[in-house]
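Engineer: Here it is: the structure, laid out below.
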Amino acid sequence: MKTKLAPSILSADFSRLGEQVREVINAGAEWLHVDVMDGHFVPNITIGPLVVKALKPIAREHNVLLDVHLMIEYPDRYIDAFARAGADIITVQVEACVHLHRTVQAIRDAGARPGVALNPATPLVTVSEILPYIDLLLVMSVNPGFGGQRYIPTSTRKIAQARRMIDACGQAIELEVDGGIKVHNAREVANAGATVLVAGSAIFNRERSVTENIAAFHQALGQE
Ligand code: DX5
Ligand code: ZN
């Protein structure tokens with residue numbers, strides 16, 4: 001199965017966000033990863049439904065999926081707002097949800113596809129019961145809150161374990177990995193079983209253009 005790239009706009013130049021998003025879409029990105037942070041669940045504040053709404057027309061025009069990652073407390077309060085803004089996937093952190101089954105159902109009822117994310121120290125067993133109800137499992141390979149961090153090496157074993165869990169479940173669940181993904185470790189992460197790679201600073205940076213960075217990932221993944 002082809003490994004999809006989900007560029008994270010967290011590392012984009014926000015003074016020209018529309019231009020950067022068009023660039024990454026024209027370079028072949030099928031998903032756009034939108035990192036929402038509230039300054040409570042993580043020590044950083046980013047964006048809200050307003051930006052998802054602003055990006056939706058560009059995403060819709062190119063059939064690109066808005067993959068919204070909620071690193072926030074009390075995500076239930078914002079599911080409808082993000083779904084109305086145009087989020088295709090809404091991913092909540094398992095650590096922020098007391099009633100995760102109800103939250104996942106609420107995301108589906110709001111018309112979006114539910115995802116569940118696990119921080120690096122959170123064991124996979126915490127999602128064993130919810131797995132049959134979700135469309136995406138997100139394994140964080142950095143501690144959430146910032147772009148440009150280093151990939152936590154033990155994540156690879158966790159990704160392979162998640163792959164086995166999903167295969168045993170027998171449902172079409174995307175396995176997304178997020179944090180410290182670079183051209184040099186992309187194939188390792190894909191070979192461990194990831195179907196979606198999130199990359200922020202490896203795609204949006206001053207060293208090379210977005211187009212060159214996306215092409216380097218496709219080459220690393222054998223998808224020239
Ligand atoms: C971190 C975010 C990630 C981040 C990835 O909390 O969830 O999506 O933007 O950035 P890089 O690829 O630079 O690690
Ligand atoms: Zn993210």
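The values are calculated or read from the model by the stated rules, or taken from the named source; none is laboratory data. Just so it is clear, the model here is predicted, and its values are computed rather than measured. Heads up, the Cβs are rebuilt from the backbone with ideal geometry, glycines too, and the neighbour counts pull from every protein chain shown. All accessible areas refer to the heavy atoms of the entire protein, side chains included, with ligands and DNA or RNA removed. Shrake-Rupley method; radii C 1.70, N 1.55, O 1.52, S 1.80 Å.
Engineer: Please name all residue pairs, on different chains or six or more residues apart, with Cβ atoms under 6 Å, provided the first residue is in region 9-29 and is of a type in the set (S, T, N, Q) and the second residue is modelled with pLDDT of 95 or more and open to solvent by 30 Å² or more (accessible area, probe 1.4 Å).
Structural biologist: 11/147; 11/201; 20/13
Engineer: To continue, here is another question. Is there a residue being under 27 Å from residue 53 (Cα atoms), open to solvent by 30 Å² or more (accessible area, probe 1.4 Å) and of a type in the set (A, V, I, L, M) anywhere in region 118-133?
Structural biologist: Within region 118-133, not a single residue is under 27 Å from residue 53 (Cα atoms), open to solvent by 30 Å² or more (accessible area, probe 1.4 Å) and of a type in the set (A, V, I, L, M).
Engineer: Moving to a separate point now. Could you list, in sequence order, all residues of region 20-36 that are within 15 Å of the chain's Cα centre (by Cα) and hydrophobic (A, V, I, L, M, F, W, C)?
Structural biologist: 29, 31, 32, 34, 36 - these are the residues of region 20-36 that are within 15 Å of the chain's Cα centre (by Cα) and hydrophobic (A, V, I, L, M, F, W, C).
Engineer: Mind checking which residues of region 29-55 are in contact with a helix residue (DSSP H, G or I) (Cβ under 7 Å, 6 or more places away or on another chain) and more than 12 Å from ligand 1 (Cβ to nearest atom)?
Structural biologist: Those that are in contact with a helix residue (DSSP H, G or I) (Cβ under 7 Å, 6 or more places away or on another chain) and more than 12 Å from ligand 1 (Cβ to nearest atom): 29, 49, 52, 53, 55.
Engineer: Suppose we filter 59, 83 for residues that are away from ligand 2 (no atom under 16 Å from the Cβ), of a type outside the set (Phe, Trp, Tyr) and closer than 21 Å to residue 199 by Cα; which single one remains?
Structural biologist: Only one candidate passes the filter, namely 59.
Engineer: Same structure, new question: Going residue by residue through region 113-133, is there one that turns out to be within 16 Å of ligand 1 (Cβ to nearest atom) and more than 28 Å from residue 187 (Cβ to Cβ)?
Structural biologist: No, because not a single residue in region 113-133 is within 16 Å of ligand 1 (Cβ to nearest atom) and more than 28 Å from residue 187 (Cβ to Cβ).
Engineer: Taking region 151-174 only, how many residues are at positive phi and either open to solvent by less than 30 Å² (accessible area, probe 1.4 Å) or touching a Leu at 6+ places or on another chain (Cβ under 7 Å) (or both)?
Structural biologist: Residues that pass the stated criteria total 0.
Engineer: Would region 125-133 turn up any residue that is at pLDDT 95 or above and within 15 Å of the chain's Cα centre (by Cα)?
Structural biologist: Taking every residue of region 125-133 in turn, none turns out to be at pLDDT 95 or above and within 15 Å of the chain's Cα centre (by Cα).
Engineer: Just name the residue that is nearest to ligand 1 (Cβ to nearest atom) out of those in region 142-159 that are farther than 14 Å from residue 197 by Cβ and without any contact (Cβ under 8 Å) to a residue 60 or more places away in the chain.
Structural biologist: The residue in question is 149.
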